[in-house]
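Working notes, structure below.
All of the numbers you see were taken from the coordinates with simple rules; none came from a lab. Please read these numbers as outputs of a predicted model, since none were measured by experiment. Note that we place each Cβ from the backbone using ideal geometry, even for glycine, and neighbour counts take in every protein chain shown.
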Amino acid sequence: MTTPVSPSEHPSSEPTSEQARRIKQLTFRAQALENRKAATERTLRSLLEGLLTVDDILTDAVQRAAGNGTEPPRAVPALFEEQIGAAHRVLRQQLLAAGVEPMDLVGSKAVPSISRVVAKEPRASVPADTVLEERVTGFYADREVLREAVVVVAVPGPDPDPDPDPVPDPAPAPPAPSAAAPERNQPRRLPRHKRRTRRTRRRS
């Protein structure tokens, strides 16, 4: 036979004041850690975006030195060009070690979620929406989009005509001959016997 238990003998399901205080402390600490984590992620993202700006500058310098297809190569000292290329490679290696990698979208189909189309060019040799150029390189960070790419894509149409041979600059005109200096009128020198005659007349 089961003995009935009075309500006062049941264990209380409500936390005591001490338990409530500890739960409140744990909740506060968890919220503080979450806020700190979010702040760290924002700082890291800002740092990575700053490094991407450096990457943009070095990429542009490398392309200008080598010629990007639309502009001829720029004349730069060989040592300076090597240093720019080396700095760019080191930066890319460091970004890759931090989980940041370029998208490399050229030749693939443009995807709106990771790229922004800023120009279109007719092409008959590639499918429509194929990325022809990344004007700004897109990057992933831990397989998430860190920065979208800015791209040029293909649209149906004839391929553009190749650029004609550049017209050489005309030869500089020869310098105009300088005007001859005017001759100074020098006093005419008298013969010696006439000069003696003049002196004799003056004395007399």
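Details
- Amide H contacts of Val136 (H built 1.01 Å from N, in plane; Pro and chain starts excluded): Val150 sit under 5 Å, all sequence-distant by 5 or more or on other chains.
- Neighbour net charge for Val100 - beta-carbon separation under 15 angstrom, K R +1, D E -1: -4
- Taking Cβ atoms as reference points and 9 Å as the exclusive limit, the residues near Val152 contribute a net charge of -1, counting Lys and Arg as +1 and Asp and Glu as -1.
- The overall shape of the range 26-151 is oblate: from the C-alpha gyration tensor, with semi-axes ordered a ≥ b ≥ c, the ratio a/c is 1.5 or greater and a/b is no larger than b/c.
- Under the shape rule built on the C-alpha gyration tensor, where the axes satisfy a ≥ b ≥ c, the range 91-157 is prolate, since a/c reaches at least 1.5 and a/b is greater than b/c.
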